[in-house]
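Visitor: Mind looking over this structure? Questions follow.
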Amino acid sequence: MNSTRAKAILFDLDGTLLDTLRDLADSGNAVLASRGFPTHPLDAYRTFVGNGMASLARDIFPEGRKPATDAEVEAVLSEYRAAYERNWQNTTAPFPGTAELLDRLVADRVPIGVVSNKAHDFTVKCVEAFLGDWAWNVVLGHREGHSRKPDPAGALEAATKLAVSPGECLFVGDSDVDMQTAKNAGMSGIGVAWGFRPVEELLAAGAERIVETPGELLELVG
């Protein structure tokens, strides 16, 4: 990573700012159980999260039994959204150190935003419920008609809203998708060691740096 300090930070949500794994897993397992399929252990959901709700709702089904048609995918996605609507506030919480990081960033007037593959309505709900103490400059989840990460469109839209160039922006996340998004958008990809995916995956996907704690990000902006 170059020595120039960034002027803004964009964050992934699930696995980066918020530990949502249990609520996502319970929702997926509810869909599987209702259809008579075996459920997954919690850790299995680490690999299901990151590509959006439609992908998660499809990928949790056994090989050979995954929904294939658009209608089948829509049906399981509808069931998953209904289950997540019941579960999204059960155990989700910010990762340790997140509040202190955001306090400093806001106090220092560093523009901050969220760019997630989670459905936009749930992204907004989660930010308002768990991260609502801080003034976010932009919050973008996946919206119909828009491409998901690693397509850079959302990150570039967010950078425009933050009034910074892509090269002045950090993209912080916990998955290969996030690091690929950063690269595609011309941003510095920073991987977090506390997220859902292993550090090796982040490095292989081009992370410029791995941070062990949220506070380390303060060294990179200003």
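Visitor: Being in contact with an Asp or Glu (Cβ under 7 Å, 6 or more places away or on another chain), outside any loop (DSSP other than H, G, I, E, B) and touching a residue at least 24 places away in the same chain (Cβ under 8 Å) narrows it down to one residue among Leu156, Leu105, Leu140, Leu101; which is it? So that I can check it myself, show each step before the final result.
Guide: On the way: Leu156 fails: in contact with an Asp or Glu (Cβ under 7 Å, 6 or more places away or on another chain); Leu105 fails: in contact with an Asp or Glu (Cβ under 7 Å, 6 or more places away or on another chain); Leu101 fails: in contact with an Asp or Glu (Cβ under 7 Å, 6 or more places away or on another chain).
After applying the criteria, what remains is Leu140.
Visitor: Mind telling me which of the residues Leu56, Leu17 ends up being crowded, with 21+ Cβ neighbours inside 10 Å and free of Cβ contacts under 8 Å to residues at least 40 places away in the same chain? Even if it seems obvious, please write down each step before you answer.
Guide: Details: Leu17 fails: free of Cβ contacts under 8 Å to residues at least 40 places away in the same chain.
Among Leu56, Leu17, only Leu56 is crowded, with 21+ Cβ neighbours inside 10 Å and free of Cβ contacts under 8 Å to residues at least 40 places away in the same chain.
Visitor: Turning to a different aspect of this structure: Could you check region 108-136 and list, in sequence order, the residues that are part of a helix (DSSP H, G or I), more than 14 Å from Asp12 (Cβ to Cβ) and among the β-branched types (Val, Ile, Thr)?
Guide: Val124
Visitor: Those residues that are within 15 Å of the chain's Cα centre (by Cα), over 18 Å from Ser188 (Cα atoms) and surrounded by 15 or more Cβ atoms within 10 Å (Cβ to Cβ), I need them from region 133-173; list them, please.
Guide: Val138, Val139, Leu140, Gly141, His142, Arg148
For every residue, the table says whether it meets (1) in the same structural domain as Asp176 (by TED's automatic domain parsing); (2) within 30 Å of Asn137 (Cα to Cα); (3) crowded, with 23+ Cβ neighbours inside 10 Å; (4) among the polar types (S, T, N, Q).
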site: Leu13; (1), (2), (3), (4): yes, yes, yes, no
site: Ala25; (1), (2), (3), (4): no, yes, yes, no
site: Val31; (1), (2), (3), (4): no, no, yes, no
site: Ser34; (1), (2), (3), (4): no, no, no, yes
site: Phe37; (1), (2), (3), (4): no, no, no, no
site: Arg46; (1), (2), (3), (4): no, yes, no, no
site: Val49; (1), (2), (3), (4): no, yes, yes, no
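Table: residues versus (1) in contact with a Leu (Cβ under 7 Å, 6 or more places away or on another chain); (2) surrounded by fewer than 23 Cβ atoms within 10 Å (Cβ to Cβ); (3) at pLDDT 95 or above.
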| position | (1), (2), (3) |
| --- | --- |
| Asp178 | no, no, yes |
| Thr181 | no, no, yes |
| Asn184 | no, yes, yes |
| Ile190 | yes, no, yes |
| Glu212 | no, yes, yes |
| Gly215 | yes, yes, yes |
| Gly222 | no, yes, no |
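Visitor: Of everything in region 182-205 that's part of a loop (DSSP other than H, G, I, E, B) and of a type outside the set (A, V, I, L, M), which residue is nearest to Cys169 (Cα to Cα)?
Guide: Keep residues of region 182-205 that are part of a loop (DSSP other than H, G, I, E, B), which gives 186-187, 193-198, 205.
Of the ones still in play, those that are also of a type outside the set (A, V, I, L, M) are 186, 194-198.
On the way: Gly186: 9, Trp194: 21, Gly195: 20, Phe196: 23, Arg197: 22, Pro198: 23 Å.
Among them, the one singled out is Gly186.
Visitor: Same structure, new question: Taking the residues in region 1-51 that are aromatic (Phe, Trp, Tyr) and assigned to a helix (DSSP H, G or I) as candidates, determine which candidate is farthest from Pro166 (Cα to Cα).
Guide: Restricting to residues being aromatic (Phe, Trp, Tyr) and assigned to a helix (DSSP H, G or I), the top hit is Tyr45.
The values are calculated or read from the model by the stated rules, or taken from the named source; none is laboratory data. Keep in mind the model is a prediction, meaning the values are calculated, not measured. Glycine also receives a Cβ, built like all others from the backbone with ideal geometry; neighbour counts cover every protein chain displayed.
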